[in-house]
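Data first, discussion second: the structure below is written as structure tokens.
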Amino acid sequence: MIKKISHLGVAVKNLEEAREFYRSVLKLESSDPIIGGDGTLRVSMVKVGKVLIELIEPIGNDGVMAKFLEKRGEGFHHICYDVDDINAAILSLKESGMDVLGEPKPGAEGKSVFLHPRGTFGVLVELVEKEE
């Protein structure tokens, strides 16, 4: 079911400041920002070896990421695993009693869905079926 880690999500208040930190301090380049989350997020990917760091900035004060930042501040948000077939993965996880949050939606890398952290030892888990 799971092939590899796709990315680690990091919540940031200011995407441009975060991108500059990764570029100037860590010497890592990031992708041009895209709008995601139904228009509630700006996202940029930083490649580190075979794994990506997803920098996520909320747009406005009403979305999920804005609420996360307000409650918890900047930092680690989620881990994302790459799967071959997201629908088969969801079916298997639901059969195992996992709480899958909604249906797959288009994300930064393809169709994705989240698992509730109460069933994953407190870590928000995302599954993605990447677009070819």
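Looking at the stretch 41-59 only, could you name the residues that are of a type in the set (A, V, I, L, M, F, W, C) and over 12 Å from the mean Cα position of the chain (by Cα)? Within the stretch 41-59, 46, 48, 51, 59 qualify.
So for the stretch 85-97 (the condition being at pLDDT 95 or above, of a type in the set (A, V, I, L, M, F, W, C) and in contact with a helix residue (DSSP H, G or I) (Cβ under 8 Å, 6 or more places away or on another chain)), does at least one residue qualify? Taking every residue of the stretch 85-97 in turn, none turns out to be at pLDDT 95 or above, of a type in the set (A, V, I, L, M, F, W, C) and in contact with a helix residue (DSSP H, G or I) (Cβ under 8 Å, 6 or more places away or on another chain). In the stretch 93-131, which residues are of a type in the set (Asp, Glu) and under 18 Å from residue 3 (Cβ atoms)? If the condition is that a residue be of a type in the set (Asp, Glu) and under 18 Å from residue 3 (Cβ atoms), then 109, 126, 129, 131 are the ones that fit. Those residues that are in contact with a Lys or Arg (Cβ under 7 Å, 6 or more places away or on another chain) and under 14 Å from residue 126 (Cβ atoms), I need them from the stretch 82-98; list them, please. Matches in the stretch 82-98: 82, 83, 86. When restricted to residues that are outside any strand (DSSP E or B) and of a type in the set (A, V, I, L, M, F, W, C), the stretch 99-132 contains 4. Out of 38, 32, 62, one residue alone is within 25 Å of residue 111 (Cβ to Cβ), of a type in the set (D, E, K, R), more than 15 Å from the chain's Cα centre (by Cα) and at pLDDT below 95. It is 62.
For the stretch 19-39, the set of residues classified as under 23 Å from residue 102 (Cα atoms) and among the charged types (D, E, K, R) consists of 38 only. Residue-level check: of (1) at pLDDT 95 or above; (2) within 20 Å of residue 107 (Cα to Cα); (3) among the β-branched types (Val, Ile, Thr), residue 2 misses just (1).
The values are calculated or read from the model by the stated rules, or taken from the named source; none is laboratory data. Please read these numbers as outputs of a predicted model, since none were measured by experiment. Don't worry about glycine lacking a Cβ; one is built from the backbone with ideal geometry, like all the others, and counts go over all protein chains shown.
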